[in-house]
Amino acid sequence: MHRLASLDEYLSTLRQAEFVLVEFYSENNPISRYYSKIVEELGERLGPRVLKIRVDVDEAPSIAEHEGVEQLPYIKLYYKGKAIWSQEGCFGQYSMDILAARRGMREVFKSMGLPLRI
């Protein structure tokens, strides 16, 4: 998973990759550390076609502000530079959190006719 710290690099990455999964997190936040495991599994399920990036909101506040991140954990999925799905917060129970994220993404893929499985 790639880590980005500058807003310019972030915006450039969103424009260049077809699919991008972004995890906004903080090393100082225990829920973020827990949710990183969820994002790692999502990334594995999505496969190599999806670029996975991490943004530490403490190190890159300009990116967090640009995206309107107010609560952690926060993940966002882009397709061709356009945000197509996001999730803010979590249940704190692994099976429920992974299920909620997978179902949300699956519905977006289905409604847009995108050939991705999760």
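The values are calculated or read from the model by the stated rules, or taken from the named source; none is laboratory data. Note that this is a predicted model, so its numbers are computed, not measured. In this analysis, Cβ positions are derived from the backbone assuming ideal geometry, glycine residues included, and neighbour counts consider all displayed protein chains.
Of the residues making up segment 87-118, those that are of a type in the set (S, T, N, Q) and surrounded by 17 or more Cβ atoms within 10 Å (Cβ to Cβ) number 1. Each residue in segment 86-106 was checked for being under 16 Å from the mean Cα position of the chain (by Cα) and not in a loop (DSSP other than H, G, I, E, B), and 13 of them qualify. Do we find a residue being outside any helix (DSSP H, G or I), buried (at least 20 other Cβ atoms within 10 Å of the Cβ) and in contact with a helix residue (DSSP H, G or I) (Cβ under 7 Å, 6 or more places away or on another chain) anywhere in segment 25-45? Yes, there is a match, as at least one residue in segment 25-45 is outside any helix (DSSP H, G or I), buried (at least 20 other Cβ atoms within 10 Å of the Cβ) and in contact with a helix residue (DSSP H, G or I) (Cβ under 7 Å, 6 or more places away or on another chain). Could you tell me whether E70 is in a loop (DSSP other than H, G, I, E, B) and either surrounded by 13 or more Cβ atoms within 10 Å (Cβ to Cβ) or touching a Gly at 6+ places or on another chain (Cβ under 8 Å) (or both)? Spelling it out, it is not the case that E70 is in a loop (DSSP other than H, G, I, E, B) and either surrounded by 13 or more Cβ atoms within 10 Å (Cβ to Cβ) or touching a Gly at 6+ places or on another chain (Cβ under 8 Å) (or both). Scanning segment 48-100 for residues being over 11 Å from V22 (Cβ atoms) and without any contact (Cβ under 8 Å) to a residue 12 or more places away in the chain gives a total of 10.
The selection criterion, being modelled with pLDDT of 95 or more, surrounded by fewer than 14 Cβ atoms within 10 Å (Cβ to Cβ) and either of a type outside the set (F, W, Y) or under 24 Å from R117 (Cα atoms) (or both), does not hold for L77.
Note on segment 5-34: residues that are more than 19 Å from R49 (Cα to Cα), touching a residue at least 40 places away in the same chain (Cβ under 8 Å) and not polar (S, T, N, Q) total 6.
Exactly one residue among V22, V55 is more than 28 Å from G113 (Cα to Cα) and at pLDDT 95 or above, and that residue is V55.
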